[in-house]
Amino acid sequence: MSNGTRTGSRCVVHGVVVASVVVGMWLLVFHVSPRPVWHHTFDLRVYRGAVRWWLDGRPVYDFVRRHTGKGFTYPPFAVLVLLPLALGTETTAIVVLTTLSGGLVVLTTWWLVSPVAVRHGWPRCVALGVALPMAVATEPVRETLGWGQIDLVIAALVLADVVALRRGRPWGGVGIGMATAIKVTPGLFLVYLAVTRRWRAAAVAAGTFGVTVLVGFSVDPSVRYWTRLLWQTDRVGPPTDPNNQSLLGLLGRLAAPRAPSYALWLALAGLVLIVGITRAAVLHRHGDDLAGVTVTALTAYLISPISWIHHLYWVVPSVVVLVDVAAGTPVAAGWGRRRPRAARAAAAAAALVVAGVFAGSLVWFFVGAPASPRTIVGENAYVLLVLALVFVLPARDTVGRAAARTTAPARPAGSSSSTTSEP
């Protein structure tokens, strides 16, 4: 067989694989999932209404969208970020935000899968062709687009800092500071920077956030958001809402119709915070900053009182990490290092479960079903999976550092050694 024929055959196979994934995800989302794709960009309409209300000279936190009871719940600085979406027509705002979010899905997915493809000898365009429809099919990404949310912008700001810190840029931390200024919960990334001893980046992030707070006083000259409104979770929605897949949401659904125990929630949230940040620091120390950032984001999602499904973009990079391990990238430490075949099999199974559960909108099959152990697990499937990922997401040894430590010849006694770590 000639080289041209072999190349043509490979192109056909690649095309069939990509097309099969696209069709499979389309069937899963539109014919299996019970969750509608489009929510008429409701959240974008709330953003626009609140900003336009403020432009008319009225306090932004007094705004309530008619017939909904929904108002503005972000920090004051977010009003200035969202200002461009309120200046044109509603149709223009929908097109702009949807295009921006769609472009960020493509960009972040390419950034995530490209090094994995190179490591395993896969064509990068084919890897993107497989990964992109799967990423878009996951419910958090679909919900972000359907509600007109800005979660993909938040994720992109954080990932931009991952790139900046890897390259040693002095502005590393600005993205995290900006993300925190818009939605508050990314503030846990500042803790991650501190526990991984990247003090300059932590200071830059904190400084950026501090500046945005000061700028925010031009929107709301009072401190009521930070002292009162931020803590009124009932302004966002009830914790028992199936969309709320946080620890408090889990406890709320278990306790319904009674109120959940907030003492128990604080205890569990504190435990998850300690475990999550500790694991994130360990993952970073083993050289996998993407896994560390992902576990930090998942931890923030769990401990926040209200965490809507569209906040959970971070299941996408978690699946990428698992696929990388399943494809043969060794685990940096633990039992997976000692049993590589078992680690690959476990990672493959975990990736399939996470991708399938989130693409198939599993929780919505159980909402409203009669109470039973199966219903409890089903309607809380997302929070349970996220909890599992916080505890078990592995660190990858992408540069063979662990193998080098175990196979390198012993140094003569008294000789000095130095190690370098991947940025």
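The values are calculated or read from the model by the stated rules, or taken from the named source; none is laboratory data. Keep in mind the model is a prediction, meaning the values are calculated, not measured. When we count neighbours, we look across all protein chains shown, and the Cβ atoms used for this are built from the backbone with ideal geometry, even at glycine. We work out accessible area using only protein heavy atoms, side chains counted, and drop any ligands, DNA or RNA first. Shrake-Rupley method; radii C 1.70, N 1.55, O 1.52, S 1.80 Å.
Listing for the model above:
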{"quantity": "Among the candidates ARG48, ARG58, ARG52, residue that is closer than 20 Å to LEU145 by Cβ and not polar (S, T, N, Q)", "calculated": "ARG48"}
{"quantity": "Output for region 41-67, where each listed residue is assigned to a loop (DSSP other than H, G, I, E, B) and touching a residue at least 24 places away in the same chain (Cβ under 8 Å)", "calculated": "THR41, PRO59"}
{"quantity": "Residue in region 235-247 that is under 20 Å from LEU298 (Cα atoms), small (Gly, Ala, Ser), open to solvent by less than 30 Å² (accessible area, probe 1.4 Å) and assigned to a helix (DSSP H, G or I) present", "calculated": "no"}
{"quantity": "Evaluation of THR212 against (1) assigned to a helix (DSSP H, G or I); (2) touching a Pro at 6+ places or on another chain (Cβ under 9 Å); (3) open to solvent by 20 Å² or more (accessible area, probe 1.4 Å) (one fails), failing number", "calculated": "(3)"}
{"quantity": "Extreme residue, surrounded by the most Cβ atoms within 10 Å (Cβ to Cβ), among residues of region 138-163 that are within 17 Å of VAL22 (Cα to Cα) and in contact with a Ser or Thr (Cβ under 9 Å, 6 or more places away or on another chain)", "calculated": "VAL141"}
{"quantity": "Residue in region 116-133 that is touching a Phe, Trp or Tyr at 6+ places or on another chain (Cβ under 9 Å) and over 27 Å from VAL323 (Cα atoms) present", "calculated": "no"}
{"quantity": "Any hit, region 118-141, residues being of a type in the set (Gly, Ala, Ser) and without any contact (Cβ under 8 Å) to a residue 12 or more places away in the chain", "calculated": "yes"}
{"quantity": "Residues (in a helix (DSSP H, G or I) and surrounded by fewer than 17 Cβ atoms within 10 Å (Cβ to Cβ)) located in region 122-131", "calculated": "ARG124, CYS125"}
{"quantity": "Filter pass, LEU112 being crowded, with 19+ Cβ neighbours inside 10 Å, modelled with pLDDT of 95 or more and either hydrophobic (A, V, I, L, M, F, W, C) or in a helix (DSSP H, G or I) (or both)", "calculated": "yes"}
{"quantity": "Among the residues listed as ARG200, ARG119, the single one being within 30 Å of VAL18 (Cα to Cα), part of a helix (DSSP H, G or I) and open to solvent by 40 Å² or more (accessible area, probe 1.4 Å)", "calculated": "ARG119"}
{"quantity": "Enumeration of residues in region 188-199 that are in contact (Cβ under 8 Å) with a residue 24 or more places away in the chain and out of contact with any Leu (no Cβ under 9 Å at 6 or more places or on another chain)", "calculated": "PHE189, TYR192, VAL195, THR196"}
{"quantity": "Residues of region 140-155 satisfying the condition of being farther than 16 Å from VAL320 by Cα and either part of a helix (DSSP H, G or I) or in contact with an Asp or Glu (Cβ under 6 Å, 6 or more places away or on another chain) (or both)", "calculated": "ARG142, GLU143, THR144, LEU145, GLY146, TRP147, GLY148, GLN149, ASP151, LEU152, VAL153, ILE154"}
{"quantity": "Pick from region 95-134, criterion small (Gly, Ala, Ser) and within 24 Å of VAL153 (Cβ to Cβ), ranking: farthest from the chain's Cα centre (by Cα)", "calculated": "SER114"}
{"quantity": "Test result for ARG341, without any contact (Cβ under 8 Å) to a residue 60 or more places away in the chain, part of a helix (DSSP H, G or I), basic (Lys, Arg) and surrounded by fewer than 23 Cβ atoms within 10 Å (Cβ to Cβ)", "calculated": "yes"}
{"quantity": "Selection status of LEU273, of a type in the set (A, V, I, L, M, F, W, C), over 26 Å from VAL116 (Cβ atoms) and more than 17 Å from the chain's Cα centre (by Cα)", "calculated": "no"}
{"quantity": "Single unsatisfied condition, GLY368 versus (1) in a loop (DSSP other than H, G, I, E, B); (2) in contact with a strand residue (DSSP E or B) (Cβ under 7 Å, 6 or more places away or on another chain)", "calculated": "(2)"}
{"quantity": "Within region 20-45, tally of residues that are among the hydroxyl-bearing types (Ser, Thr, Tyr) and either closer than 20 Å to LEU145 by Cβ or open to solvent by less than 20 Å² (accessible area, probe 1.4 Å) (or both)", "calculated": "2"}
{"quantity": "Matching residues, region 71-103, being among the hydroxyl-bearing types (Ser, Thr, Tyr), open to solvent by 30 Å² or more (accessible area, probe 1.4 Å) and not in a helix (DSSP H, G or I)", "calculated": "THR73, THR89"}
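Condition check ((1) exposed (fewer than 15 other Cβ atoms within 10 Å of the Cβ); (2) within 27 Å of THR144 (Cβ to Cβ)) across all residues:
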| position | (1), (2) |
| --- | --- |
| ALA332 | no, no |
| PHE365 | no, yes |
| ALA369 | yes, yes |
| ASN380 | no, yes |
| LEU385 | no, yes |
